[in-house]
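Colleague: Structure below; questions to follow.
The values are calculated or read from the model by the stated rules, or taken from the named source; none is laboratory data. Note that the structure is a prediction, hence the values are computed from the model and not measured. Because the Cβ atoms are built from the backbone with ideal geometry, glycine has one as well, and the counts that use them run over all protein chains shown. Heads up: the accessible areas ignore ligands, DNA and RNA and are worked out on the full protein's heavy atoms, side chains in. Shrake-Rupley method; radii C 1.70, N 1.55, O 1.52, S 1.80 Å.
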Amino acid sequence: MSINKVTRRKALKLGVAASVLPLVHIRTAGAAGQVSIALWDHWVGQGNDVMKKQIAAFAEKNKVEVKADLIPSASGQILMVENAEAQAKAGHDIYALSVWEAHNHVDDLEPVDDVVGRLIAKYGKTNDAVEYLCKVKGHWLAVPSSSGTQTKGPEGRISILRDAAGLDVVKMFPGSGTTCPGLDAWTWDAHLKAAEACAKVGKNFGIGLGTTSDSVDFAGSLFAAYGAELVNAKGDITVRSDAVREVLEYAQRLVKLLPKDAVSYDDASNNRALISGQSALIFNPPSPWAVALKDAPAVAADTWHFPAPAGPKGRFLPYLPYMWGIWKFAKNKTAAKELLEYLMQRENVEARENATIGFDIPPFVSMLDFKIWETAEPPKGTLWNYPNHPWHKQVAHIAAMPAPPEIAVQIYNQGTMPTMFAKLLSGQSVNDVMAWAENELESFKRA
Amino acid sequence: MADGSSMAISFAPPRRIVRHGSMHRLMRHRSTVALLMCSPLFLLIAGLVVYPAIYAIYLSMLNKNMTEFVGLHNFAFLLKRDTFRLVIFQSCLFAVSAVVLKAFIGFVLAHLMHNIPSGRQRIWRGLLLVPWVIPLALSTLCWWWLFDPSYSAFNYALNVFGFPSVAWLGEAWPARLCMIAVNVWFGTPFFMIMYLAALKSVPEQLYEAAAIDGAGAIQKMLFVTLPMMRNIISITVLFSLIVTFANFDIVRILTNGGPESKTHVFATYAFQVGIQSGNIPLGASVSLFMFPLLAVFAFFVLRNVNRRTKEIAA
Amino acid sequence: MSGAAATAGVLVPARRHASLHRQRAWALWGSYAALGVFVIMFLVPPFYMVMTSLKSPAEISGQAGNPWFVHHPTLQNFIDLFMMRDFRGFFLNSAMITTVTVSVSMVISVLAAFGLARMGFKGSQTLATGVFLTYLIPNSLLFIPLFQIIGALGLINNVRALALIYPTLAVPFCTWIMMGISARSPASWMKRH
């Protein structure tokens, strides 16, 4: 995810500063109890401000003292503190967990079926990826959150795609309304053709073959579209399948069209490729667009967000969620649950959404109609197709799904899929790559 | 840090000046005082290093969910993995070559510095210490900008002189060399300053004596400088080797282990399997992998240092 | 010593002296030149850092032109930094932690070094070796148990925790350096006590 990296580097620039947690301490008169929450430090500062206000209001109303800490995902800090707290059985009551962390801490988390049950009753279903990541053995272990949750569909340059590849993305995916005339034509084959055309004019697609999440999420979306699973839901290794071969053959053609430095891409590289105007398309949340508004206005005004390409098995949108878990050792679980339910109320989610310029994606389908995505500009409507609307017919997907999560987390975090692509680029054959992956996966199963 | 070389003489055995009567009580008294003086150090180390270390070793011997004691199974498992064997190779390559280069360049720099009049040394020393003073994470970030393939400042310079661009971090070997280069850049000043201090403490009479015996520059180096600096060289190399084997920042920031895991070192790989993939015991095993080897190495180096110290003191 | 040797001893140095002098001058200038080359190499990244700090975000993300120089220098980055309310807090924190770390490490290591090196007691040598060996456990592995300890002390999310952690990491090496120094301090100092 672009943002993680950007803030990571920013935080590193501040040096020691990164090691000091910003602290929000809300004390209300006559507080009856105390509850503490570790929040993801949003890269859009206003998002944090609104969150603080909401928490203050909650504290005031319920006569609870709330201690809220903002923890940056920079240099893995949010992960480290989380693991340390889980080990020490001490720390916050509520912790902001990313992607795989509910599964990584099954034994440490308090089930929150009641909270999520009430939220679902009120707002309807969440998407499948959320369920896969938050629900373990029939129990919700974390409350899906909007803060930090993002999708990584294509984000492309209107003019370059139109002039070089003949794709008028604004017409194909209009910035309002509930139809996308160009949806059916937007397939992985069309994607490959466009990548080729843009590479010819020196505007390669900025797709990375590193091991950070942007690279992994892209590869995951491609694998899923062909029905290719490295490990199936039962936990069997299914590398040697026609579907995987098909993906690798596709990738063999694609990797040659990527920037020379694709293998050393991290989550900031693709952002910079787009902002600097060197790239026609990247897969990312709208953060580079938001940065370009200030640093490269011409690029921003020429950027459009749209759904993922489709393959034989459907259209899969990379989805990277954050969630809030309550530790089993939490001292005030009742207040923690109340706070989480309150924070996920529609009006609160929307207020934060407006503050974060539409970056956060709510987990409930019914909340995808917020005005902010329609009004954000320039160009007007650029964010309209960023959230996963029902008429996009996309499946929210996390790479390596539906493999059993304890294996999937390793496939994801060790970047097995993009590494397979990188090996193709270095000249290895499809069979070599499959053999390598098989060997890796066997060790993941045993680990 | 006026005199780093003096570490060499740090293990002078207790000098018993008087050995009878009431002085005995004083001796005992002195030991007690000494023990008291060391107690803050021991408390700190016991509480914040020894206990965590034992805990970490214990952690490395658990299964993934930390519910079962599995002994050395994690280590056996790691050794069977191709990726991990690659990590061992890369860590050793990184640490050993970086330390050798740091020691060598530091040695040369110390001599160059020793050659110029002491009055002028201050400014040169200051300039050469700059890399060591900037926090490593920060300066690595700057190196990353310099290497950054799509807009590398180094590539820009190469292009100006008509050379083609290099994918600094995009291919295994250039990336490995870049990592080593950054570490050498960062660590050399430390060696330089330690060796310079050692050089200054070599008594001038020894050189004069050697000169009278007809020794040339090379012989002076071999028979005076090196033996006098042996302890400081051992200690700095040992210390640097341990620290370099544990280095995390450089690889994490420059390549995050890529391309194709060909630049992972112990620390970054441990982070990936331990923290990111939720297998803390396996991550602990990765971190501790070099522990036995380094411990044995350290034991022998320190024993030799002690022995030489005694010889000098005797 | 024969007379011949003595005469040679008088004659040779005169010639040798001149050549030695020339040699020394060469060595001196050679040293300056070599040091200069190293200084330039060492200062490339800091130079680039300074240049980058003077660029506007737009210039950096533009990725065009010579990256080694600033085309539209701006102090905006520094102004923003100093105007940031948090930054002042961070800066004060850093300054405070540094001061505490340095003083605590100094006190502990000077005391211990003196005890170990000068007033050696039974097993002091083994202990000194042990102090050094603490570095064998990578810091990255210490953080989980350290977190437990800090938690037990009620110092989680507290700047003061750093004043405990940093000296721990610094003290062993400081002690070793200090041991060398105290071993060499004049022995007469001891006698006066």
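Colleague: Suppose all protein chains stay in the model; what accessible area per residue would a 1.4 Å probe give for the protein assembly as shown, in Å²? Could the numbers behind the result be given before it?
Modeller: On the way: 39230 Å² over 954 residues.
Value returned for the protein assembly as shown: 41 Å² of accessible area per residue.
Colleague: Summarise the partner chain shielding of C:166-178 as one whole number: the mean count of Cβ atoms from other chains within 10 Å of each residue's Cβ. Could you put the intermediate results ahead of the total?
Modeller: Numbers: counts 0, 3, 6, 2, 0, 6, 5, 3, 1, 4, 5, 9, 4.
Taking the mean over all residues of the peptide, I get 4.
Colleague: Okay, moving on. State, to one decimal in nm, how far the label point of C:MET83 lies from the label point of A:SER429, with both points 7 Å from Cα in the Cβ direction.
Modeller: About 6.3 nm separates the two model spin labels.
Colleague: Ok, one more. In what sequence, highest mean first, do A:277-288, A:376-387 appear when ranked by Cβ atoms within 10 angstrom?
Modeller: Values: A:277-288: 26.0, A:376-387: 20.1.
Highest-to-lowest ranking by the protection proxy: A:277-288, A:376-387.
Colleague: Related question: Averaged across the residues of B:124-137, what count of C-beta atoms belonging to other chains lies within 10 Å of each residue's C-beta? Can you show the working numbers first?
Modeller: Values: counts 6, 1, 1, 8, 6, 1, 6, 6, 1, 1, 4, 3, 0, 8.
Taking all residues of B:124-137 together, the mean is 4.
Colleague: Each residue of region A:391-396 in turn: what ³J(HN,Hα) in whole Hz from Karplus with 6.51, -1.76, 1.60 and θ = phi - 60°, glycine and Pro shown as x?
Modeller: After applying 6.51 cos²θ - 1.76 cosθ + 1.60, I find 6, 6, 6, 10, 9, 5 Hz.
Colleague: Quote the accessible area belonging to B:CYS142 in square angstrom, nearest 10, computed with a 1.4 Å probe and with ligands, DNA and RNA left uncounted.
Modeller: 10
Colleague: If r is the Cβ-Cβ distance from B:THR67 to A:ARG446 and R0 is 22 Å, what FRET efficiency results, to the nearest 0.05? Don't jump to the answer; show the numbers that get you there.
Modeller: Values: r = 16 Å, r/R0 = 0.75.
In this case the efficiency is close to 0.85.
Colleague: Fully extended, how many nm does the chain gain between B:ARG307 and B:VAL33 (0.36 nm per residue separation, minus their Cα-Cα distance)?
Modeller: Values: separation 274, 0.36 × 274 = 98.64 nm, distance 2.59 nm.
The span from B:ARG307 to B:VAL33 would gain 96.0 nm if fully extended.
Colleague: At 7 Å along Cα-to-Cβ for each site, give me the label-to-label distance between A:VAL201 and A:VAL106 in nm.
Modeller: For A:VAL201 paired with A:VAL106, the spin-label model returns 5.1 nm.
Colleague: Starting at the first residue of region C:88-96, write each ³J(HN,Hα) from the Karplus equation 6.51 cos²θ - 1.76 cosθ + 1.60 with θ = phi - 60°, in whole Hz, x for Gly and Pro.
Modeller: Values, residue by residue: 4, x, 4, 4, 4, 4, 4, 4, 5 Hz.
Colleague: Counting only protein heavy atoms and a 1.4 Å probe, tell me what percentage of the protein assembly as shown's accessible area is made up of carbon and sulfur. Working shown, then result.
Modeller: Values: 25110 of 39230 Å².
In the protein assembly as shown, the share of accessible area belonging to carbon and sulfur is 64 percent.
Colleague: Using only protein heavy atoms and a 1.4 angstrom probe, determine the accessible area buried between B and A, summed over both sides, in Å² to the nearest 100.
Modeller: Values: alone 18910 and 17010 Å², together 32710 Å².
Counting both chains, the buried surface is close to 3200 Å².
Colleague: Ok, one more. Using a 1.4 Å probe and counting only protein heavy atoms, how much accessible surface gets buried when C and B come together, both sides summed, in Å² to the nearest 100? Walk me through the intermediate numbers first.
Modeller: Values: alone 15240 and 18910 Å², together 26970 Å².
Accessible area lost upon association: around 7200 Å².
Colleague: Another question about this same structure. Ranked from the most accessible area to the least, with a 1.4 Å probe and all protein chains present, what is the order of A:TYR342, C:TYR166?
Modeller: Working: A:TYR342 50, C:TYR166 85 Å².
Result of the area sort, largest leading: C:TYR166, A:TYR342.
Colleague: Follow-up question, since we're still on this one. R0 = 41 Å: FRET efficiency of C:TRP26 with C:GLN76, Cβ-based, nearest 0.05? All intermediate terms of the calculation are to be shown ahead of the outcome.
Modeller: Details: r = 49 Å, r/R0 = 1.20.
The computed FRET efficiency comes out at 0.25.
Colleague: Take A:VAL291, B:VAL202 and sort them by solvent-accessible surface of the protein heavy atoms, 1.4 Å probe, largest at the top. Mind showing how you got there, number by number?
Modeller: Numbers: A:VAL291 55, B:VAL202 5 Å².
Result, largest first: A:VAL291, B:VAL202.
Colleague: Any idea how far apart B:ALA181 and C:ALA34 come out in nm if each label point goes 7 Å out from Cα toward Cβ?
Modeller: Rounded to a tenth, the inter-label distance reads 2.2 nm.
Colleague: Given the protein chains as shown and a 1.4 Å probe, how many square angstrom of A:LYS125 are accessible, to the nearest 10?
Modeller: Estimated to the nearest 10 Å², A:LYS125 gives 130 Å².
Colleague: Continuing with the same structure: Quote the FRET efficiency, to the nearest 0.05, computed for C:LEU155 versus A:LYS256 with a Förster distance R0 of 45 Å and r equal to the Cβ-Cβ distance. Don't skip to the answer; put the middle values down first.
Modeller: Details: r = 54 Å, r/R0 = 1.21.
After rounding to 0.05, the efficiency reads 0.25.
Colleague: If packing is taken as the average number of other Cβ atoms within 10 Å across a peptide's residues, how do A:175-185, A:139-149 rank, most packed first?
Modeller: Working: A:175-185: 13.5, A:139-149: 24.6.
Most protected by this proxy first, the peptides run A:139-149, A:175-185.
Colleague: Residues of region A:377-404 with backbone nitrogen within less than 19 Å of a virtual label 7 Å along the Cα-to-Cβ line of A:ASP184, please, listed as ranges.
Modeller: A:390-395
Colleague: For region C:56-94 and region A:364-402, write down the distance between their C-alpha centroids in whole Å.
Modeller: 34
Colleague: How long is the gain from A:ARG118 to A:HIS139 if the chain were fully straight, where each residue apart is worth 0.36 nm and the alpha carbon distance is subtracted? Walk me through the numbers on the way to the answer.
Modeller: Values: separation 21, 0.36 × 21 = 7.56 nm, distance 1.38 nm.
In short, 6.2 nm is gained.
Colleague: In peptide B:56-67, how many Cβ atoms from other protein chains are near each Cβ within 10 Å, on average?
Modeller: That works out to 2 on average.
Colleague: In whole Å, what is the distance between the alpha-carbon centres of region A:244-301 and region A:174-202?
Modeller: 15
Colleague: Starting from the amide H of A:ALA399, placed 1.01 Å from N in the peptide plane, find each other amide H under 5 Å away whose residue is 5 or more places distant or on another chain.
Modeller: A:TYR319
Colleague: What does the helix-only formula give at 222 nm for the protein assembly as shown: each DSSP H stretch with n ≥ 4 adding -39500 (n - 2.57), the total divided by the residues, and the result rounded to the nearest 500 deg cm²/dmol? Don't skip to the end; give the middle numbers.
Modeller: Working: 43 runs with 566 residues, N = 954.
Here the helix-only value at 222 nm equals -19000 deg cm²/dmol.
Colleague: Take the alpha carbon gyration tensor of region B:72-313, find the square roots of its eigenvalues, order them as a ≥ b ≥ c, and report rounded if a/c is under 1.5; if not, report prolate when a/b exceeds b/c, else oblate. Intermediate results must be reported in sequence, preceding the final value.
Modeller: Working: a/c = 2.66, a/b = 1.40, b/c = 1.90.
Since a/c reaches 1.5 but b/c is at least a/b, the shape of region B:72-313 is classed as oblate.
Colleague: What residues from region B:141-156 fall in the zone where the backbone N is under 13 Å from a label point 7 Å along the Cα-to-C-beta line of C:SER53?
Modeller: Only B:142 fall inside the zone, counting backbone N under 13 Å.
Colleague: Looking at the square roots a ≥ b ≥ c of the eigenvalues of the Cα gyration tensor of chain A, which shape do they give, rounded for a/c under 1.5, prolate if a/b is larger than b/c, or oblate? Present the calculation step by step, with values, prior to reporting the outcome.
Modeller: Working: a/c = 1.77, a/b = 1.38, b/c = 1.29.
Judged from the Cα gyration tensor, chain A comes out prolate (a/c at least 1.5, a/b above b/c).
Colleague: Quote the accessible area belonging to A:ASP113 in square angstrom, nearest 10, computed with a 1.4 Å probe and with ligands, DNA and RNA left uncounted.
Modeller: Taking all protein chains as shown, A:ASP113 has close to 50 Å².
Colleague: Starting from the residue with the highest accessible area, list C:GLU59, B:GLU208 in decreasing order, probe 1.4 Å. Write out the running numbers ahead of the final one.
Modeller: Working: C:GLU59 30, B:GLU208 105 Å².
Listed by decreasing accessible area, they come as B:GLU208, C:GLU59.
Colleague: With helices defined as uninterrupted DSSP H runs, which ones in chain B have an alpha carbon span along their own long axis of at least 18 Å and mean Kyte-Doolittle hydropathy of at least 0.0? Spell out each step's value before the answer.
Modeller: Working: long enough: B:22-45 (34 Å, 0.82); B:82-115 (49 Å, 1.37); B:118-133 (22 Å, 0.14); B:172-200 (41 Å, 1.21); B:226-245 (27 Å, 1.73); B:291-313 (32 Å, 0.65).
Helices passing the filter in chain B: B:22-45, B:82-115, B:118-133, B:172-200, B:226-245, B:291-313.
Colleague: Under the rule a/c < 1.5 gives rounded, and otherwise a/b versus b/c splits prolate from oblate, where does the protein assembly as shown land using the Cα gyration tensor? Display every interim value, and only then the final one.
Modeller: On the way: a/c = 2.13, a/b = 1.60, b/c = 1.33.
Cα axes put the protein assembly as shown in the prolate bin.
Colleague: Here's a follow-up. Applying a 10 Å radius around every beta-carbon, put A:213-226, A:396-409 in order of their mean neighbour count, most first. Walk me through the intermediate numbers first.
Modeller: On the way: A:213-226: 26.9, A:396-409: 23.1.
Averaged packing, sorted descending, gives the order A:213-226, A:396-409.
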